[in-house]
1. Looking at the P(r) of the range 158-248, how many percent of alpha-carbon pairs lie beyond 18 Å?
2. Tell me the mean residue ellipticity at 222 nm calculated for the chain from its helices only (DSSP H runs of n ≥ 4, each -39500 (n - 2.57), averaged over every residue, nearest 500).
3. From Cα pairs below 8 angstrom and at least 6 apart in sequence, can you work out the relative contact order of the chain, rounded to a whole percent?
4. Taking only Cα atoms of the range 111-172, what ratio of Rg to Rh do you get with Rh as the Kirkwood inverse-distance radius?
5. Assuming a viscosity of 1.306 mPa s and a temperature of 10 °C, what translational diffusion coefficient in µm² per second does Stokes-Einstein assign to the chain, Rh being the Kirkwood radius over Cα pairs?
6. Given a Förster distance of 25 angstrom, what is the FRET efficiency for residue 23 paired with residue 88, based on the Cβ-Cβ distance and rounded to 0.05?
7. Could you tell me the center-to-center distance, by alpha carbons, between the range 148-199 and the range 58-120 in angstrom?
8. Of the candidates 30, 229, 162, which one comes out as most mobile in a Gaussian network treatment of the chain with C-alpha springs shorter than 10 Å?
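FYI, it's all coordinate maths here, none of it is from the lab. Computed from a prediction, not measured in an experiment: that's the story for all the values here. Here Cβ is always computed from backbone atoms with ideal geometry, including for glycine, and neighbour counts include all displayed protein chains.
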Amino acid sequence: MSTAAVTAVTARRAPAIALDRVARTYPGGVRALDDVSLTVGHGTFLAVMGPSGSGKSTLMHCAAGLDSPTSGSVRIDGQEISGLDETRRTELRRERVGFVFQAYNLIPSLSVEDNITLPLRLAGRRPDRAWLRTLTERVGLADRLAHRPAELSGGQQQRAAVVRALAARPAVVFADEPTGALDLRSAHQVLDLLRGLVDDLGQTVVMVTHDPAAAARAHRALVMADGRVVDALERPTAPELAERLVALGER
Ligand SMILES: Nc1ncnc2c1ncn2[C@@H]1O[C@H](COP(=O)(O)OP(=O)(O)O)[C@@H](O)[C@H]1O
Ligand SMILES: [Mg+2]
């Protein structure tokens, strides 16, 4: 086998995300992550739960290459990112990672279509029109592309943000409280959308959430406390997740 072929096989087999003993200590001494190891396989939906201050956002930022761990190793799609300088990390993030935030973060003066293609254009890449059409039809926004974000409901804006996150065909989509600002019905639609992307397109999704019902849509849920993963539940249910969180609050 040629070197290129060996590399291709290795890359395909590497998990979407692999953290090995990742620690993050903030200036002042707060140890927000305390030797966390985990792997996220391609095509899986992982939820991350835990009390406020338990390290969920820090975990997500380190796993996505937004922040550098103090020690330990982070691999995205087989590529080690912990030693990369800021420029290379930014490049890798643009190519391999998509983000969805609670607050949608769409630019008000741009059309939905321009919002969706903005990260690609910033990366100097040409949008794949057929892929974008597939996505916008899937999320029910094909006839809203010329609208401004303010002309859309919250649920529609978040679905546009999901399309934006997927436009570059990232290895992983990270979502931090994606349903936190939505009414129940819109939240359901966004969760259905994320789950469908995993089931139908093999997308990998990591979602931070406070809501046990949202986390129950994932394949696996991690529960964090004090910078550590204290529980990992396969096929989690909302009642068992709620029970674990209550127990943590009562320590
Ligand atoms: N930039 C920062 N500087 C100092 N401490 C921080 C910073 N960001 C987070 N922390 C601290 O790290 C811990 C974990 O925070 P975070 O990852 O935001 O938790 P969560 O997302 O679960 O609420 C908390 O004690 C928080 O106060
Ligand atoms: Mg947080």
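1. 45
2. Mean residue ellipticity, 222 nm, calculated: -12000 deg cm²/dmol.
3. In percent, rounded to a whole number, it is 26.
4. 0.94
5. Estimated diffusion coefficient is 85 µm²/s.
6. 0.70
7. Centre-to-centre distance over Cα atoms comes out at 16 Å.
8. So, out of 30, 229, 162, the one fluctuating most is 30.
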